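The values are calculated or read from the model by the stated rules, or taken from the named source; none is laboratory data. It should be emphasised that the depicted structure is a prediction, and the values quoted were computed from it without experimental measurement. Virtual Cβ from ideal backbone geometry, glycine too; neighbours counted across all protein chains shown.
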Amino acid sequence: MTFKKILSYSFGPIGGSLMSFFTLLLITRFFSPDDIGKLTMLQATSSFIIMLMSLSMHQAFVREYVESTDKSALLKTAGLPSFFLFLASILPIVFFSQEISFFLFAESHSGFTNLLLIAVGSGLIIHFLMYLLRMEERGIAYSLTRLLPKTGLFLIVSCVIYFQFTNTKWLLQSYTFGVLISAVLFLFLSRKSILLAVKSRFDSNLFKTLTAYSLPLLISDIAYWALLTSDRFFLRWLADFSELGFYGIAVSFTGIGFVLTSIFSNLWHPTVYKWVKENEQTESFLSVMNQILLIVALLWSLAGLSLHWFLKLLPETYAYTESLIMLSLSVPLFYLISETTVIGTYIVKKSKYTMWASVAAFSLNAILNWLTIPSFGAKGAALASAIAFFIFLIIRTESSVRVWHLFKRSSLYVLSTLYLSAGIAISFYDVNYWINASIWIGLAVLALILKRDEARLVFQTIKEKLL
């Protein structure tokens, strides 16, 4: 992974995250928690439908891409089933549009359902072409698709606010139009590959190979979606849209964690499959695992130290979100760590273990949501997700050890447990700034001690790249 390659993949997601942050600040000042709660439902529902219609073919596409001799046929064979599934869904969704709208948004408004349909269609395009750009190693093009749509969404929301269209309909329309812009950009940047795929043949034998790999992962993806997103639906049914809105804001604040995960995955997965093909030594994989654990720990502490000052940018109405953010942040960070520790199951093609990790963690998450949300609202949902993703990390790690290679993980579990405990304590107990700072600084020092060899390596690499 060269610094130039990392930069090409990073500037777009990081810039897009900053634009999302500015958009978030605008939304919280001019829209109510109820409005934001309904936007959260649109995002959660569209992500579920996109995941279901993808059939997890994107994962099979990534797995076969390096070894494929006909990449155009691979793209067509992987993407065409999802295209037909979407076309088949249009009539039923339109026919039951008012019922769907009431179920999701507590309003019988067919226009809301139409926005959902546009978001799903656009999201499917993005879903596949994002992996195409990644595997083609077109880092700059990939980054532009992450930066420009978020900038466009910021401008759209700004215009909506300027003309005082500050209601649910305009907020949902702004989001959907932003997704549509992103899809158009992906189509434009991938136009040559798409034309070649259209002209290529649909390979039925390849389709069988792809589905044999992807269908077990579809069950895993459904469980993972439920693990990641079902808390929104529990809040919708067991609390109200205001609690859902507060939770949505907290999750949006932790979006930088998902950005880091996305950047890392874009670099890590292709590298892993290349290393496998080149018979790279196991120590290379383990070195990355330990360095990522250290970096995540330090970033976690940095977030804990700086959160108080960032939240001063929000209106007083949203002060409650401070108690949610550190727990919500554990979700993307635990997932990022697990992306390194689980890699053994991908190397030996044992995708069923990923499925069971998602199923087990979701089951726990659902039980905890049911038990905690009636008493604690959004705070209960954040607690449930944090604990569930901690278990998710453990299961993925132990599965990798079982099928691939035995590696030391005591420091992994010690640091993960302590950071999770700190997040719970700070979320449920009122501590002053200095106690909060002491906790996060102490954890950072402990991480540097436990991973001192990796710390020297990371700092040496940074020094070499910057000087």
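Before we move on, is Ser56 touching a Ser or Thr at 6+ places or on another chain (Cβ under 7 Å), modelled with pLDDT under 90, surrounded by fewer than 17 Cβ atoms within 10 Å (Cβ to Cβ) and among the polar types (S, T, N, Q)? So Ser56 fails the test. Among the residues of segment 187-234, the one identified as modelled with pLDDT of 90 or more, touching a helix residue (DSSP H, G or I) at 6+ places or on another chain (Cβ under 7 Å) and basic (Lys, Arg) is Arg232.
The helices (runs of 4 or more DSSP H) found entirely in segment 258-377 that carry 2 or more residues being of a type in the set (S, T, N, Q) and within 26 Å of Ala444 (Cα to Cα) are 282-310, 322-341.
Restricting attention to segment 418-434 and to residues that are hydroxyl-bearing (Ser, Thr, Tyr) and touching a residue at least 12 places away in the same chain (Cβ under 8 Å), the residue that is surrounded by the most Cβ atoms within 10 Å (Cβ to Cβ) turns out to be Tyr419. Looking at Phe30, Phe61, just one residue is assigned by TED's automatic domain parsing to the domain that holds Ile161 and touching a Gly at 6+ places or on another chain (Cβ under 9 Å), and that residue is Phe61.
The sole residue among Ala73, Ala78 that is closer than 19 Å to Ala183 by Cα and touching a residue at least 12 places away in the same chain (Cβ under 8 Å) is Ala78. Filtering Val62, Val66 for residues that are loosely packed, with under 14 Cβ neighbours inside 10 Å and touching a Pro at 6+ places or on another chain (Cβ under 9 Å) leaves a single hit, Val66. All of (1) surrounded by 17 or more Cβ atoms within 10 Å (Cβ to Cβ); (2) outside any helix (DSSP H, G or I) hold for Ser72 with one exception: (2).
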